[in-house]
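Read through the structure below, which is laid out as structure tokens, and then see the notes.
The values are calculated or read from the model by the stated rules, or taken from the named source; none is laboratory data. Keep in mind that this is a model prediction, so the values were computed, not measured. Counting neighbours? That spans all protein chains shown, and the Cβs are built from the backbone with ideal geometry, glycine included.
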Amino acid sequence: MQTRAGDGGAVRHIALLAPQVIERIAAGEVIERPASVVRELIENALDAGATSVRIEVREGGLRLIRVSDDGTGIASDDLELACQPHATSKVRDLDDLTHITTLGFRGEALASIAAVAEIEIASAADASGLAAVLTLSPGHTPERSVVSRPRGTMVTVRQLFADVPARRALLRGPAGESARVAAVVRGYALAHPAIRFTLIADGAIALQTGGDDLPHAVTAIYGADVARSMLPIGPLDVDGATLEGVVSARGVDAPDRSHVLLVVNGRPVANKALLAAMEAGYRPLFRKGRHPLLLARLALAPDALDVNVHPAKAEVLLRSEQALAAALRAAIHDTLGAAPKSLRMQPAESPTAGFAQAVQLRLPAARRRRGLLLGERRAGYRAGLPADDEQPAERLPELEAIGQLDDTLILARAPGGHLYLVDQHRAHERILYETLLRQAPPAEHLNAADAVDTVRSGQGASQGAGQLLLMPVLVELTPTQARLLNARLNELAQMGLECQPFGGSVFLVRSLPSLPVAPTDPADLARALAQDAAEDADDWRDHLRISLACRSAIRRGQPLTNAEQAALLSSLRDARTPAVCPHGSPLLLRYSKGFLTRAFEW
Ligand code: ADP
Ligand code: MG
């Protein structure tokens, strides 16, 4: 659906536009921030017929922006001309302006970039393996060199706005600019799923698509869970235009519109009427303040729209805007209305909401906990039973599993004929929690709820790298959470929870902390952990461990073989605090032989 030069890969020569054409071109500031540079360079790569576009930014693009493609390249003799204002290979005369088939047409991007930054263009227009390099720096004479490079173009931009402090002052920090760059790349990657896009931010891959179809691009960008929840829209014919897209089912949503995308003839655009129509289509079906992931692609005849209305080509005028708006609205509404609410993604929200409560409830319990440890061993006998005054040994005795009660409690016998009831979920939670605690750096034990003074296993701070997720999981946080998470990324990575900023308040979870048990729903776990890891509390690390343990532990209601029961009891015996789950609730009850004798009046 995207339109291109369609020149079969031949290099088209660049020429200066005639004054009467220049007059008719929407003028204004093209380069406002790093993301505008990235946008222009991606468009150039696509116009050149690239099948693969690689974008690299450092420090949000302020330090470096580099876009490489495998397109037609620029003829060596044309390099200087390409950087002149109003020099383009895409438009020649007034007539061309009425049916633009390329993303660029004004011949201004390279010139505008060269005016505010140092720009280096390395381009090979043939298969000779040699690329001509032109370096332009404001106030310096142009330099030429040659490097070896396959066919294609690589544009490197450094020192952006170095001499334009007013412009620099309007920028956000590197993180904010990176987010904008990521959003731009995401837009073009979704608009052109057949092209391979790679975004590398500060040395790490932030986004990568395989150059396949739209479902694959959605999976690569948002993860398999989100991709599975996407519903197809269209294709529909509206007044000769083709309309198609995807929308996430109810239940999969975001707190803002940053994943609502309108693409017209291969160009992500902000057409107010159409965006409003899109929102009107999903609004009745989404909770207030929530927005779906939505991509609508329109393919129109080049003369059915005017892209020449906005300097940065962000707006377009459409001839049959009203008909298209009505069709978009109806298509989105019908698609969503016909599909059941996505249950898969529901847990991402409800347990988190519930869990926030749990955290609050947990705090007083955590404070009580150390006192509870001793008290609790008696506390188990409260419920109207005769008091058991026989103190158990400090360490849990060897327990022999008798069986399970309702797949919930393990009944166990201790030497001497004492009976133990063990809550299987809480016991496993305790075991997993202590495993995680042992992996924490020693200094952190001071803050941990259980303040382990000696590390029992002696394995010390074995920092396991996490288990890589097959598909990274996308997590949307609030801006406050995102700030907290950003400050903790290194530490989380050491814990095995690798989160990667993905623009705005969105993160990709790439790995989970290693645990002896495989999580049943890794994506759900990833989302929950990211939320916990962004908690606004000093003891967030401990909460994260508790959460991880809780979510990975065997559930109540799960049948266990005798061997599994025995293994659980034996690990529990090795636990430092075997009677209390990490949330502070009792996990075992003991009925001594003496107690049983008295109670039964034997
Ligand atoms: P426009 O894209 O509007 O033509 P630009 O300033 O972006 O203007 O680029 C000027 C010219 O340089 C383009 O018309 C094109 O011929 C050439 N060009 C720029 N980038 C590339 C690229 N990545 N591959 C091939 N040609 C390019
Ligand atoms: Mg261009």
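Per-residue answers, yes or no, for (1) farther than 24 Å from Tyr222 by Cα; (2) touching a Gly at 6+ places or on another chain (Cβ under 7 Å):
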| site | (1), (2) |
| --- | --- |
| Leu275 | no, no |
| Gly281 | no, no |
| Ala296 | no, yes |
| Leu300 | yes, no |
| Pro311 | yes, yes |
| Leu328 | no, yes |
| Leu336 | no, no |
Checked pairs for segment 164-182, first under 18 Å from Ala115 (Cα atoms), second buried (at least 19 other Cβ atoms within 10 Å of the Cβ) and of a type outside the set (D, E, K, R), C-beta under 6 Å and 6 or more apart or across chains, list as Val164/Val116; Arg167/Phe161; Arg168/Phe161
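So which residues in segment 122-151 are among the acidic types (Asp, Glu) and touching a strand residue (DSSP E or B) at 6+ places or on another chain (Cβ under 8 Å)?
Within segment 122-151, the subset among the acidic types (Asp, Glu) is 126, 143.
If the condition is that a residue be among the acidic types (Asp, Glu) and touching a strand residue (DSSP E or B) at 6+ places or on another chain (Cβ under 8 Å), then Glu143 is the only one that fits.
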_Quick check on Glu108: is it charged (D, E, K, R), in contact with a strand residue (DSSP E or B) (Cβ under 9 Å, 6 or more places away or on another chain) and surrounded by fewer than 21 Cβ atoms within 10 Å (Cβ to Cβ)?_
no
Scanning segment 207-221 for residues that are small (Gly, Ala, Ser) and in contact with a Ser or Thr (Cβ under 8 Å, 6 or more places away or on another chain), the one nearest to Ser505 (Cα to Cα) turns out to be Ala220
Contact list, first residue from segment 111-130 and of a type in the set (D, E, K, R), second anywhere and within 15 Å of ligand 2 (Cβ to nearest atom) and not in a strand (DSSP E or B), beta-carbon distance below 8 Å, six or more apart or interchain, is Asp126/Gly73
Q. Is one or more of the residues making up segment 31-40 within 7 Å of ligand 1 (Cβ to nearest atom) and within 30 Å of Ala169 (Cα to Cα)?
A. yes
Selection from segment 86-100 of residues crowded, with 17+ Cβ neighbours inside 10 Å and within 38 Å of the chain's Cα centre (by Cα) yields Thr88, Ser89, Lys90, Ile100
Going through (1) near ligand 1 (Cβ under 7 Å from one of its atoms); (2) buried (at least 20 other Cβ atoms within 10 Å of the Cβ) one by one, Leu79 fails only at (1)
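Find the helices (runs of 4 or more DSSP H) located wholly in segment 1-117 whose residues include 3 or more that are over 23 Å from Ala299 (Cα atoms) and within 11 Å of ligand 2 (Cβ to nearest atom), and list them.
Values: elements: 19-23, 34-47, 79-82, 94-97, 109-116.
Result: 109-116.
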Within segment 538-591, restricting to residues that are among the polar types (S, T, N, Q) and modelled with pLDDT under 85, the one that is nearest to Asp407 (Cα to Cα) is Ser585
Flagged pairs (Cβ under 8 angstrom, 6 or more apart or on separate chains; first in segment 577-598, over 11 Å from Leu421 (Cα atoms); second surrounded by fewer than 22 Cβ atoms within 10 Å (Cβ to Cβ) and among the aromatic types (Phe, Trp, Tyr)) are Phe595/Tyr381; Leu596/Trp602
Has segment 545-565 got at least one residue that is surrounded by fewer than 20 Cβ atoms within 10 Å (Cβ to Cβ) and acidic (Asp, Glu)? yes
If we take segment 479-591, then helices (runs of 4 or more DSSP H) inside it with 2 or more residues that are hydrophobic (A, V, I, L, M, F, W, C) and over 23 Å from the mean Cα position of the chain (by Cα) are 540-552, 562-573
The helices (runs of 4 or more DSSP H) lying wholly within segment 213-326 that contain at least 3 residues that are modelled with pLDDT under 85 are 224-229
